[in-house]
Each structure stands twice: as C-alpha cells, then as structure tokens.
Amino acid sequence: MAGRINDDDVKAVRDAVPIDAVVSEYLQLRNAGGGNLKGLCPFHDEKSPSFQVSPAKGLFYCFGCQTGGDTVDFVMKIDHLSFSETIERLASQAGITLRYEEGGYTPGRQQGERIRLVEAHKHAARFYADQLAGPEAEIGRKFLAGRGFDQAAAEHFGVGYSPAGWDHLTRFLRGKGFSDKELLLSGLAQDSRSGKPIDRFRGRLMWPIRDITGEVIGFGARKLRDDDNGPKYLNTPETAIYKKSHVLYGIDLAKKDIAKTNRAVVVEGYTDVMACHLAGVTTAIATCGTAFAGDHIKILRRLLMDNAASEVVFTFDGDAAGQKAALRAFEDDQKFAAETSIAITPGGMDPCELRLAEGDAAVAALVETRTPLFAFAIRQVVARHNLDTAEGRAAALEAAAPIVANIKNGAIQHEYAVQLAGMLGILDTQFVVRRVGQLARWARDRGQRPDARTAQRQAPQQPAPQPQAARGPALNLRSPAALTERELLKLALQRPELVAPAFDAYGEDEFTAQPYVAVRRAIEQAGGVGHAADGYLARVREAAPDDTVRALVTELAVEAIRSKNVDEAYAGVQLVQVRLRAVERRVKDVQASLVRLGAQADPAQLAAVQNELWVLEQYGRALKDRGAAAL
C-alpha cells in the first residue's frame, strides 16, 4: 500500500503553487478589485463571472454554486483526483520530492492511478516523437511534408510515429516501470489473442492530445499505409483521463491567445489546427473525432469570459457535409454569449489545403472574411424554397422567422428581420418584423412558464419532486444587522489584526444568524484573531464542523470588504455596531422581564433586573458616544 505523504511536504506543496497560476490554466481570470480575480465558474454554468480567486489567501470561492477551497481543493474537484493524486501532481509541477511515511517512497508504485496514466502518456509521446526520425517513419515524414509541415512544425506540435511492430511501445513502457494493467487502462495497449498486451497504435502518424494544462492524455493516429485495415483516424478510447467530448485539440497552445483576443477558431482536424497556428491564427482548436457539443462550449466560455464582445468562428468546407455541420453548430449558438460566425473555405478546401495552395495569408484572410452564423443559417433555410411563388415565400418565412426570433440582441434581431423581408421579396417589411417579434415573445413566454401542468397531465402518478436539503439557515442580507455581522467576520478572517483583541471577547450570542455563529465558533476554536499567525485561515477551515460552514468560511475569506478604506476606524465601526445591536437586544429582553415581573415582584429580584437595565443603557450610550474606545 502507498504510504502517507509527509505533512511538511503537503504544506510545502500548498505554499509552492500559487492558486491563481493553477486556476488560470482552466479559465480566464480578470481583476475583481481588492486584490481578487474573477472568472466564469468551471463547476456550473453561468452568464456572468461569480467565481473569485484570492491569490493572497490562496483560496477560491464561487458565489453562484458556493464551491470553494484552496489550490488542492480546486485541482481535486476539477480533475476528479484523490487528495494524494493532487499533491503528487502539484509536487511534480513545483519540483518537490515527496516523502512517504509507513515505509518510505517507492517511485511509481505509490502514485495515484491518474498520475500514472498521465506519466505513461508523457513517456509514450516522447517515444513516438523520437521514432519519427527513424527510417521506418519516412512515410510519415513524407505525409507531413506533403501538407506543408517541416520538422520544426512536427516538433512544435509533438507529432510522432508509432512503429509497425506489435509491442514496441509496450516493451518500452514496461522498461519504464509500468505494469500491463496500467498500459491497458491507459488505452496505449490492448489485449491480443494470446492474452498479452500489444500496442494499440501501429504504423501510424501520431498526434498527442493534451488537456488545457498541457498534459498528454491521449493520441490521434492517422493511417499511412494501404494495408492498414483500420479507420483513417484512430483515437485513444475513453479512459480515466481521456473523454473525447471534454477535449479540444490545440487548446493548450491556443488558450492564452483565445483569452487575449476574445476569439476562438474552431476547425475540423489536427492538420487544420497546425495550418492555422503556423499561418498566425493561433486561436485555432479542433474536436477529437466527435461533433462540437455542449462540453466543448463550456471550455470556450470559461476562456472567453462569456462577454458579448467575444467571438467563436467555425470553419467548414463549402460542400453539403460542411454546410450541415455549420447548421449543427448554429443550434448551439444560444449557449454562447459570444457572437458566432462561420468561415466557408473556398473550393471545398480545408484550412490545411488552403495554406498549401495559397499560403499563410489566405488562411488568415479566411477567418477575417467570416459571416455571422445567423446570416448563414437564414440563407441556407431560405435557399430550400421556391421564392418565385407566394406559397414558397410564405413557407420560407415560416422556416426562417424562428431563426431570426432566436437572436439575443433586439437591435440585431430587428435588422435581420428587415433583411429577411428583402431576401424573400416581401414588400411589407413590417409584416415580417411583426411575425418575428411575435415568435420571439412566444419563445420568451415558454421560457418563463415551465411545463409543470403538462408534466402533471402526462404523469399524474409520480410524486412531486422534494426540495433539496437546505444548506443552513437563510441569511437575510438585507438586514443591517446581518450585513454588519458579515462584515465583521470578513475582517476577522481577512484582516484579523484590525479587530484584535476586541473580537475575541465577543460571544456567540452577539451574532444573530446561526451560520455566522458557527463561523465565530470556528474562529475561536482556531485560536482566535489574537493568534492569527501562519496557517490561520487553514486552521479556521479545519475547525468548521461540516462542509457547509467550511464553505461559508471560504466565502467570507474571499468576498470583498465593503469599503475602499479598510483600516482600524472602519473595523472599529463594525465592532461597535455588532456590540451595540447585541446590547439593544438585551435591553429589550430585560425590559420584557420587568413587565413580566410586575409591581408585585420580589424587591431584591426587581432591583437586580433594574440595575442590569441601567448598566446596559449606560453601556449602549457610551458605545454611541465614544465608539470603539468604549469596547
């Protein structure tokens, strides 16, 4: 069994890898003010960024789905790794050698499965790249040269060659310490009739497929010989690290320029990505043997920040198959806030062929002469009808009007409605505009009214869905008391020196919201703000009784403080307000006690309650008059 990773090494890994550097491998981050960064949450779909990262505190938190934590938590969740796998991966990135207790460290044997599979692919990519220089791979080199790719291009994209023998890679990886089970799990090998693993890829040109962080997780293999009875392209099968619907080829190379330029160019194949990048279109990416779909969209949305100024350009061949693919892409348009466009290659050429025939400038020009995807879709639909007849024009209107009605931007929708009238030859432009508007209203109404009644009619025997379990007592953030308590807790977590030592004297009963009481208790159990030394936030999160409170601690530690001037004066106001409201609540309780006691109460008891009331009123007045000095 694998030993336990040494605690000091775990801490060294946490400290060595900045959270903003890790998160920015997966999504674009922008300044959120107060030293924080923001982006689109990778853990749920959202239109505007509610995901925040605090580099100073080493924490992230999403105010939309309430997911939060530190660097380790982020990597564990986004890559579905165990704790030890995450520490091993981050340690590898930081160049830290881990020590394992209970028997020490045995390289390879004690690494998590995912780490092992990634390591196997890394060695395989190097092996294939080395093979490309050998005599057997001449056919592969000729293939690349025939498409305009020299040795430098092959090296830039890591293109390699898989030898034609049965087990060249298998024997190589065994020599690196990988077991037959690991080779089969990785998809690099497959079972043979004899029951022994053999290479999955043989005699093919190899493209390493990398995830967004740049790790090799699979391969695309292109047939080179006529006697190869396999498919033209053979991809890695679905494995623990490779899911083709979650991967975009070239995303590791393109992500920075996609975020920088707010544009992504979607092409159809590996050589098209190579051609575009070499021609200066460095935002090109491609799917891996599957249609462009929802999970691919999520990857791009996080890089584009889903702002209306961003753009996704699809390139397709001008033939019937290419037009069909373009219309399929159009169906997903509404999932983007970005504008979507299409660039149809001339003469049915793909970008690789276009570069070979007309040079780099032609590829760059192709992207610049793009057409909005809406306009393309409308033209394709209208072209199916006979516009020489009234019946044909009416049918074309009914087919194209819903497309126009789906345009998000009202001004653009109106413009396209006018254009549609001209396309159809309908002189009454306002008739077309009204029809489009009617369809748009119907679509909005359907979106506002869930089909609950229809569902009940269709399945009356099914019980009503049960509400999800509450995450804890609701926080009324419109309440001044709740806002002040929240602000004080944020200060206690983010700027403890400003509220020390007074905060540590505050009782749990001075906080009215139960979740805030739990956070106050966690701070106390972590040693209080008076002992907010190294690892303070980590201690508070560890002291939280459950994930709900832990998430709230993270949220409060990341959320911006509601003041431009965060100083002792501001902290003092929050301390006073929380204490003053607590005093006022106690005053009301004591006054109620006096009413309940009545005139016939025991004189000593009555005097004690009256004295407590007098002390509370005097203290409240001092807080109002002297502020933090009265604490």
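In segment 450-462, the count of residues that are farther than 27 Å from ARG393 by Cα, of a type in the set (Lys, Arg) and either modelled with pLDDT of 65 or more or not in a loop (DSSP other than H, G, I, E, B) (or both) is one or more.
Within the bounds of segment 549-560, is there any residue that is of a type outside the set (Lys, Arg), closer than 24 Å to GLY69 by Cα and exposed (fewer than 13 other Cβ atoms within 10 Å of the Cβ)? Among the residues of segment 549-560, not one is of a type outside the set (Lys, Arg), closer than 24 Å to GLY69 by Cα and exposed (fewer than 13 other Cβ atoms within 10 Å of the Cβ), which makes the answer no.
Pairing each residue of segment 250-271 that is more than 22 Å from GLU215 (Cβ to Cβ) with any residue that is among the β-branched types (Val, Ile, Thr) and surrounded by fewer than 23 Cβ atoms within 10 Å (Cβ to Cβ), provided the two are 6+ apart or on different chains, yields C-beta distances under 7 Å for VAL265/VAL367.
Please go through segment 523-545 and pick out each residue that is charged (D, E, K, R) and at pLDDT 90 or above.
To start, the set of residues in segment 523-545 that are charged (D, E, K, R) comprises 524, 534, 539, 541-542.
Within segment 523-545, GLU524, ARG539, ARG541, GLU542 qualify.
Within the option set VAL587, VAL558, being over 17 Å from VAL529 (Cβ atoms), over 44 Å from the mean Cα position of the chain (by Cα) and among the aliphatic types (A, V, I, L, M) holds for one residue only, VAL587. Residues that are touching a helix residue (DSSP H, G or I) at 6+ places or on another chain (Cβ under 8 Å) and in contact (Cβ under 8 Å) with a residue 40 or more places away in the chain number at least 1 in the following strands (runs of 3 or more DSSP E) confined to segment 1-61: 36-39, 51-54.
Surrounded by 14 or more Cβ atoms within 10 Å (Cβ to Cβ), part of a helix (DSSP H, G or I) and of a type in the set (Val, Ile, Thr): does that describe VAL595?
Answer is no for this residue.
Residues of segment 76-87 that are surrounded by 20 or more Cβ atoms within 10 Å (Cβ to Cβ) and at pLDDT 85 or above: THR86, ILE87.
Does GLU584 satisfy the criteria of being at pLDDT 90 or above, farther than 23 Å from CYS65 by Cα and either in contact with a helix residue (DSSP H, G or I) (Cβ under 9 Å, 6 or more places away or on another chain) or in a helix (DSSP H, G or I) (or both)? Give the derivation first.
Working: at pLDDT 90 or above: yes; farther than 23 Å from CYS65 by Cα: yes; either in contact with a helix residue (DSSP H, G or I) (Cβ under 9 Å, 6 or more places away or on another chain) or in a helix (DSSP H, G or I) (or both): yes.
Against the criterion (at pLDDT 90 or above, farther than 23 Å from CYS65 by Cα and either in contact with a helix residue (DSSP H, G or I) (Cβ under 9 Å, 6 or more places away or on another chain) or in a helix (DSSP H, G or I) (or both)), GLU584 qualifies.
So that you can scan it fast, the table gives a plain yes or no per residue for (1) over 26 Å from ALA240 (Cα atoms); (2) crowded, with 19+ Cβ neighbours inside 10 Å; (3) hydroxyl-bearing (Ser, Thr, Tyr):
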{"residue": "ASP8", "(1), (2), (3)": "yes, no, no"}
{"residue": "GLU25", "(1), (2), (3)": "no, no, no"}
{"residue": "ASN36", "(1), (2), (3)": "yes, yes, no"}
{"residue": "PHE51", "(1), (2), (3)": "yes, yes, no"}
{"residue": "PHE63", "(1), (2), (3)": "yes, no, no"}
{"residue": "GLY68", "(1), (2), (3)": "no, yes, no"}
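Within segment 384-420, being of a type outside the set (S, T, N, Q), within 24 Å of GLU339 (Cα to Cα) and buried (at least 18 other Cβ atoms within 10 Å of the Cβ) holds for LEU397, ALA400, ALA401, ILE403, VAL404, ALA405, ILE407, TYR416, ALA417, LEU420.
Considering only residues that are among the β-branched types (Val, Ile, Thr) and over 21 Å from MET206 (Cα atoms), look in segment 229-265 and name the one that is surrounded by the fewest Cβ atoms within 10 Å (Cβ to Cβ). Can you show your working first?
Looking only at segment 229-265, we keep the residues that are among the β-branched types (Val, Ile, Thr), and these are 236, 239, 241, 247, 251, 258, 261, 265.
Of the ones still in play, those that are also over 21 Å from MET206 (Cα atoms) are 258, 261, 265.
Numbers: ILE258: 24, THR261: 15, VAL265: 31.
Among residues in segment 229-265 that are among the β-branched types (Val, Ile, Thr) and over 21 Å from MET206 (Cα atoms), the one surrounded by the fewest Cβ atoms within 10 Å (Cβ to Cβ) is THR261.
One residue alone among LEU597, LEU575, LEU631, LEU616 is of a type outside the set (S, T, N, Q) and at pLDDT 95 or above, and that residue is LEU575. Does ASP20 satisfy the criteria of being at pLDDT below 90, surrounded by fewer than 20 Cβ atoms within 10 Å (Cβ to Cβ), not aliphatic (A, V, I, L, M) and not assigned by TED's automatic domain parsing to the domain that holds LEU537? Answer is no for this residue.
Could you tell me which residue of segment 266-283 is surrounded by the fewest Cβ atoms within 10 Å (Cβ to Cβ), considering only residues that are in contact with a Ser or Thr (Cβ under 8 Å, 6 or more places away or on another chain) and modelled with pLDDT of 90 or more? The qualifying residue surrounded by the fewest Cβ atoms within 10 Å (Cβ to Cβ) is VAL266. Counting only strands (runs of 3 or more DSSP E) wholly contained in segment 131-207, the ones carrying 1 or more residues that are of a type in the set (Ser, Thr, Tyr) occupy 160-162. Here ILE285 meets each of (1) touching a residue at least 40 places away in the same chain (Cβ under 8 Å); (2) touching a Phe, Trp or Tyr at 6+ places or on another chain (Cβ under 7 Å); (3) β-branched (Val, Ile, Thr); (4) under 27 Å from LEU40 (Cβ atoms) with one exception, condition (1).
Evaluate segment 189-196: report whether one residue or more is surrounded by 20 or more Cβ atoms within 10 Å (Cβ to Cβ) and free of Cβ contacts under 8 Å to residues at least 24 places away in the same chain.
Start the filter on segment 189-196 by keeping residues that are surrounded by 20 or more Cβ atoms within 10 Å (Cβ to Cβ), which leaves 189.
Checking which are free of Cβ contacts under 8 Å to residues at least 24 places away in the same chain leaves us with 189.
Checking segment 189-196: at least one residue is surrounded by 20 or more Cβ atoms within 10 Å (Cβ to Cβ) and free of Cβ contacts under 8 Å to residues at least 24 places away in the same chain.
Residue count for segment 272-282, restricted to those that are over 13 Å from THR315 (Cβ atoms) and either free of Cβ contacts under 8 Å to residues at least 24 places away in the same chain or among the small types (Gly, Ala, Ser) (or both): 1. The single condition among (1) surrounded by 15 or more Cβ atoms within 10 Å (Cβ to Cβ); (2) touching a residue at least 60 places away in the same chain (Cβ under 8 Å); (3) over 35 Å from the mean Cα position of the chain (by Cα) that GLU568 does not meet is (1).
Could you tell me whether PHE201 is of a type in the set (A, V, I, L, M, F, W, C), more than 32 Å from the chain's Cα centre (by Cα) and crowded, with 23+ Cβ neighbours inside 10 Å? Steps first, answer last, please.
On the way: of a type in the set (A, V, I, L, M, F, W, C): yes; more than 32 Å from the chain's Cα centre (by Cα): yes; crowded, with 23+ Cβ neighbours inside 10 Å: yes.
Considered against the rule, which asks whether it is of a type in the set (A, V, I, L, M, F, W, C), more than 32 Å from the chain's Cα centre (by Cα) and crowded, with 23+ Cβ neighbours inside 10 Å, PHE201 comes out as yes.
Can you confirm whether THR271 is assigned to a helix (DSSP H, G or I), of a type in the set (Val, Ile, Thr) and either closer than 29 Å to GLY359 by Cβ or touching a strand residue (DSSP E or B) at 6+ places or on another chain (Cβ under 8 Å) (or both)? In short, yes. Here the condition is being among the polar types (S, T, N, Q) and outside any loop (DSSP other than H, G, I, E, B); of THR512, THR554, it holds for THR554 alone.
Consider ALA91 carefully, then state whether it is surrounded by fewer than 19 Cβ atoms within 10 Å (Cβ to Cβ), touching a helix residue (DSSP H, G or I) at 6+ places or on another chain (Cβ under 9 Å) and among the small types (Gly, Ala, Ser). No: the conditions fail for ALA91. Selection of first residues in segment 289-317 that are within 21 Å of ALA375 (Cβ to Cβ) and surrounded by fewer than 18 Cβ atoms within 10 Å (Cβ to Cβ) and of second residues that are modelled with pLDDT of 80 or more and hydrophobic (A, V, I, L, M, F, W, C), restricted to Cβ pairs under 6 Å at least 6 apart or on distinct chains, gives an empty result. Restricting attention to segment 137-155, the residues being surrounded by 13 or more Cβ atoms within 10 Å (Cβ to Cβ) and without any contact (Cβ under 8 Å) to a residue 40 or more places away in the chain number 5. Among the residues of segment 210-228, are any surrounded by fewer than 22 Cβ atoms within 10 Å (Cβ to Cβ), assigned to a helix (DSSP H, G or I) and in contact (Cβ under 8 Å) with a residue 40 or more places away in the chain? No - not one qualifying residue is present in segment 210-228.
The values are calculated or read from the model by the stated rules, or taken from the named source; none is laboratory data. All of these numbers come straight from a predicted model, not from anything done at the bench. Because the Cβ atoms are built from the backbone with ideal geometry, glycine has one as well, and the counts that use them run over all protein chains shown.
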